[in-house]
């Protein structure tokens, strides 16, 4: 036999062996899929990605995920952590996120711009502070005249908070120097006295207190009762195609909120597992925010109320964040929150005894 024939024969043998191996490994799976019994075999359910930031406004997102995993195993939701709202917004616009915790004015503005987004629930109530340096002579809103005040962004409700507080005290935004600083950078800015006051979502304001250089001028509950910063928003296609998933998500957020309001033990347990497993922060920050005082941030009564959003709309329009082309009924779907409220009445919280180990 010639060398050429030998090489050809060897090649045929190798090709045949490899083909036979593929058939052996894959034919049973292929046959199972093609056979009548395999036609109805359920595919693994695709998880709904939910965006969140490591802030107390979004605390119910990781709490819901943790409770689901502890009690039911792997759930149908996948929390995705972001470092800031710009990245979170882009991920939602790309379609990767199907739901997200997001700034209320930002959600309204996006809907006004034609983005298929609808608010379905709240993330919290109250939950932030207006901080000044401990050595500052600023004692009230009037003392902010001529001072530099930092807010997270033009879409942040903290910016609207400043507008509202000034307006209530006969002042305008022209009376202060309003600048934007990312929340993680605010403690350093206040420490160095490069700004006179800061306000953002927690736990960054608490960090100023704990580190000894910050003083609370006002908690939001003192100057804007039932203050709303972040909301839970969902892609409209998800509402249309998978309303059951959306309802399960809202139900989970509602139950997590009620669990957090079930006592300080629950709050401190959440501070531990959320800080370590989701936020990558020292637990002392969440422990402090959730306790000093206990109503600094609230997670009950998270249904969507028209009056709350009417005020946000008005302030957002006055400050140039939105044009005012949409109304509450355009960018909100209240049905999921209403159903969640009904489901809470029948929910057996005793089932969450499985979480008792977290408190030890």
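The values are calculated or read from the model by the stated rules, or taken from the named source; none is laboratory data. Owing to the predicted nature of the structure, the values given are computational and were not obtained by experimental measurement. So basically every Cβ, Gly included, is an ideal-geometry build from the backbone, and we count neighbours across all protein chains shown.
Summary table below
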{"read-out": "The lone exception for residue 205 - which of (1) modelled with pLDDT of 95 or more; (2) not in a loop (DSSP other than H, G, I, E, B) it fails", "value": "(1)"}
{"read-out": "Residue tally, condition assigned to a helix (DSSP H, G or I) and surrounded by fewer than 13 Cβ atoms within 10 Å (Cβ to Cβ), over region 307-325", "value": "2"}
{"read-out": "Selection count where residues are touching a strand residue (DSSP E or B) at 6+ places or on another chain (Cβ under 8 Å) and modelled with pLDDT of 85 or more, scope region 72-95", "value": "12"}
{"read-out": "From 190, 160, residue being assigned to a helix (DSSP H, G or I), buried (at least 20 other Cβ atoms within 10 Å of the Cβ) and at pLDDT 95 or above", "value": "190"}
{"read-out": "Residue within region 25-39 that is within 24 Å of residue 246 (Cα to Cα), exposed (fewer than 14 other Cβ atoms within 10 Å of the Cβ) and either modelled with pLDDT under 90 or in contact with a strand residue (DSSP E or B) (Cβ under 8 Å, 6 or more places away or on another chain) (or both) present", "value": "no"}
{"read-out": "Residue count for region 294-305, restricted to those that are crowded, with 19+ Cβ neighbours inside 10 Å and either modelled with pLDDT of 90 or more or not in a strand (DSSP E or B) (or both)", "value": "4"}
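So that you can scan it fast, the table gives a plain yes or no per residue for (1) crowded, with 19+ Cβ neighbours inside 10 Å; (2) without any contact (Cβ under 8 Å) to a residue 24 or more places away in the chain; (3) in the same structural domain as residue 62 (by TED's automatic domain parsing):
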site	(1), (2), (3)
98	yes, no, yes
116	no, no, yes
122	yes, no, yes
133	yes, no, no
151	yes, no, no
175	no, no, no
